[in-house]
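The structure under discussion appears below in the form of structure tokens.
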Amino acid sequence: MGTGELLERLEKAPTFDFVKITGMTERRVADDTAEVPENSLTMAVSAARDSLDRSAYAPQELDVVISCSISRMSDGRRLQFEPSFAHRVAEEIGARDAARFDVSNACAGMMTGVYLLDRMIRGGAVRNGLVVSGEHITPIAFTAAREMDDSRDPQFASLSVGDSAVAVVMDRATDDRDMIHEVELMTCSQYSHLCLGMPSDDTGDIAMYTDNKEMHARERLSLWPSFHSDRLAERGSRFADEGYDFIIHHQVGSRFVDLMNTIGERSFETPMPQSLTVVDKLANTASTSHYLVLHQALAEGRIPTGSKVLMVPAASGVVTGFLSATVSSLEV
């Protein structure tokens, strides 16, 4: 769906240039009205199967399945809590013997799932696993289009979302050509009220309310470089020493990505790695954003073998941190 098509749903003609503000020209929208509805679950199952087809494992060989979706929509727009999404995905793909559980950490969900599985593999609790997320979040965009007044409305950020699903199969690294170096996350819960999903105040439809001004205040945006610097200093390193080739920020918008790189450059006192985004064509896909960018870049041959990739989450909660990995033979 093009941005213009979405904005046509606004009751009043917009006085803002959404494409200029966000860089988003289009996004993907799941069809939950089809004879076989698309939703968070069907997309997650599809991504899981696609990922397994490119892995060395059959479904029955998986030790654990971790689901990280924010939007747990199944059977149309039914919000499901039990049984867990991980349970349903595992059953659908045939991972009968896998342990399964859900993780809920807003747009840092996939990063959190990978963090947990990384620790489980390093600790010897499991040999391998699947981390998956399906996000059917465009209903909040349609609610916003029906209800919001202008760009100062707390539902404005809801216009930026798109639907997507991603899945990652992980096991123990056998050499340094394909490995996760670090995954570190931090939550600053005093800011949790700045972005909330809930029933609409007006109609009861699914909605999201965001205080964009406070959410993107310099104090919040500086959390990442401060936290990252502290973690690197603990082992006597600096950002410039790490040799990152690419950086992937949360796909909030093109201006946000540029701002985060500017803040990073000033804070670390070194140029930022090449920035990868898909925000123009796919918009903000919540917990799937970073891995969707990675998938697209690998599919387009933009990441050479042996590249070191840095992912930086920015989630309500507020959650920040970083994941760094060297990528050589990851298949997409």
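Please build a GNM for the chain, connecting alpha carbons under 10 Å apart, and tell me which residue among P139, P199, P83 fluctuates the most.
Residue with maximal mean-square fluctuation among P139, P199, P83: P83.
Quick check: convex hull over the Cα atoms of segment 128-193, volume per residue in Å³, rounded to an integer?
143
If amide H atoms are built 1.01 Å from N in the plane of the peptide, which residues on other chains or at least 5 residues away come under 5 Å of the amide H of E38?
For E38, whose amide H was placed from the backbone, the distant partners under 5 Å are D31, D32, T33.
What share of the DSSP beta bridges in the chain is antiparallel, in percent to the nearest 5?
Antiparallel: roughly 70 percent of the beta bridges in the chain.
Write out the trypsin sites (Lys or Arg not before Pro) in segment 39-93 meeting two conditions: DSSP loop, and at most 16 other Cβ atoms within 10 Å of their Cβ.
The qualifying sites are R54, R77.
If you count, for each residue, the other Cβ atoms within 10 Å and average over each peptide, how do 322-330, 152-160, 235-243 line up from highest to lowest?
Highest mean packing first, the order is 152-160, 322-330, 235-243.
Please list 3J(HN,Hα) in residue order for segment 198-210, calculated via the Karplus relation 6.51 cos²θ - 1.76 cosθ + 1.60 where θ = phi - 60°; whole Hz, with x for glycine and proline.
Those phi angles translate into 5, x, 4, 5, 8, 10, x, 5, 5, 8, 9, 10, 10 Hz.
Under 20 Å from a point placed 7 Å out from the Cα of L79 along the Cα-to-Cβ direction: which residues of segment 278-311 have their backbone N that close?
285-288
Trypsin sites (Lys or Arg not before Pro), restricted to segment 252-332: which are DSSP loop and have at most 14 other Cβ atoms within 10 Å?
Loop-located and lightly packed - R302.
Report the local net charge at A207: Lys and Arg +1, Asp and Glu -1, summed over other residues whose C-beta lies under 9 Å from its C-beta.
Charge balance near A207 sits at -4.
In percent, what relative contact order does the chain have, based on Cα pairs under 8 Å that are 6 or more apart in sequence?
That works out to 22 percent.
Diagonalise the Cα gyration tensor of segment 242-332 and give the resulting equivalent ellipsoid semi-axes, square root of 5 times each eigenvalue, largest first, whole Å.
With the √(5λ) rule applied to segment 242-332, the semi-axes are 19, 17, 12 Å.
Which whole-angstrom value gives the distance between the alpha carbon centres of segment 195-250 and segment 115-159?
14
Only Cα pairs within less than 10 Å get springs; with that Gaussian network setup on the chain, which residue of E234, E265, E214 has the largest fluctuation?
Per the Cα network of the chain with a 10 Å cutoff, E234 tops the list.
For segment 116-164, take N as its residue count and report Rg(C-alpha) divided by 2.2 N^0.38 Å.
Against the compact-globule rule of thumb, the ratio is 1.91.
Which residue, T320, T270, I137, has the largest displacement toward the positive end of the dipole of the chain when charges sit on each Cβ (Lys, Arg +1; Asp, Glu -1)?
So the residue we want is T270.
Cα-based Rg of the chain per 2.2 N^0.38 Å, rounded to two decimals?
That works out to 0.96 for the chain.
GNM on the chain, C-alpha springs below 10 Å: top fluctuator among S69, S229, S287?
Of the options given, S229 has the highest mean-square fluctuation.
Where a number appears in this text, it was derived from the coordinates with a stated rule and is not lab data. Keep in mind the model is a prediction, meaning the values are calculated, not measured. With ideal geometry, Cβ positions are generated from the backbone for all residues, glycine too; neighbour counts draw on all protein chains shown.
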